[in-house]
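Undergrad: Encoded as structure tokens, here's the structure I'll be asking about.
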Amino acid sequence: MKLGDPTTLEWHFFVPCRDEQAVIGATVTYLRQTFRAAHVWVVDDDSDDRTATVVRNLRRIDGRNIHLVQRYRPQARTGKGDALNAGYRALKAWQGRHATPERAIVIVLDAGGRPMWNCLGVTAAHFEERWTGSVQIDVRTSNAGRGWFEWLTNARRIDTSRLSGNGQFIRLSALDSIAGPEGEPWRGERLSAAWQASHTRDTYVYQRALPVPQANDRTVRVRRVIAPVPAFDH
């Protein structure tokens, strides 16, 4: 396993949230303790619970690297892509004119995700190639390894073109290339062939699955486990 130097890049975790009060505090705390140089951008999609309040309280303690982007109805609750686009525009505004987008890496993370400690070093090695636009790392859940379900999660992991997927690392300049004048890289566009999309199994994000309800409808149970953050599964 080759490790790159994470200090040569800037790291920005994008965490879209809707009604994630139960997990967002622990997630942000984990990210800040594990990846001290990284920034955490929580995009609150007009939650009805105290998601935004939890993040504000954490900012009072560690405000320099924690950012809260708030959306409000009727513009809010229109899909994960729109929430990520709001995070993208906030990041660009925060960086200003003197940014170096080729050095900035955006990481899409579900609200309950826990990236492995070595993920920055592993993906930094891929981004040493200047034309690498994205790197998808493995996604593992607490239900993995149970026959057919493990096969389904494996099939989902290797879709390197799904820029909104959990555990997707994307070079900011690659997002800029498809953002358009409205600043919306997550609008169904894919990176052009000029950008290389990679996948690595040398690191992973652990996603805690939702509790499986006791019901007779097996299809309902499967859908809820595979989609750990159903609020954005559009």
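Undergrad: Considering only protein heavy atoms, what per residue accessible area in square angstrom results for the stretch 45-112 with a 1.4 angstrom probe?
TA: Averaged over the residues of the stretch 45-112, the accessible area is 50 Å².
Undergrad: Tell me, in nm to one decimal, what length is gained between Thr8 and Trp131 on full extension, where the rule is 0.36 nm per residue of separation less the Cα-Cα distance?
TA: Going from the current span to full extension adds 42.7 nm.
Undergrad: Using a basic spin-label model with each label point 7 Å from the Cα along Cα→Cβ, how many nm lie between Thr78 and Asp48?
TA: 2.1
Undergrad: Right, another one. Once label points are set 7 Å from the Cα along Cα→Cβ at both His199 and Arg187, what is their separation, rounded to one decimal in nm?
TA: For the pair His199/Arg187, the computed spacing is 2.9 nm.
Undergrad: Let me ask another. Under a crude label model (7 Å from the Cα following the beta-carbon direction), how far is Met1 from His98 in nanometres?
TA: 3.7
Undergrad: Turning to a different aspect of this structure: With r defined as the distance between the Cβ atoms of Arg162 and Ala37 and R0 fixed at 25 Å, what FRET efficiency is calculated, to the nearest 0.05?
TA: 0.40
Undergrad: Sorting His39, His12 by accessible area (1.4 Å probe), largest first, what list results?
TA: The ordering from most to least exposed comes out as His39, His12.
Undergrad: Could you rank Asp45, Asp62 by how accessible they are, 1.4 Å probe, largest area first?
TA: Largest accessible area first, the residues go Asp62, Asp45.
Undergrad: Still on this structure: Over the stretch 1-152, what percent of the accessible surface lies on carbon and sulfur atoms, probe 1.4 Å?
TA: Carbon plus sulfur share of accessible area: 51 percent.
The values are calculated or read from the model by the stated rules, or taken from the named source; none is laboratory data. This structure is a prediction, so every number in the text was calculated from the model and none was measured. Positions of Cβ are generated from backbone atoms using ideal geometry, with glycine treated the same way; all protein chains shown enter the neighbour counts. Each accessible area value is taken on the protein alone, full model and side chains, heavy atoms only, with ligands, DNA and RNA left out. Shrake-Rupley method; radii C 1.70, N 1.55, O 1.52, S 1.80 Å.
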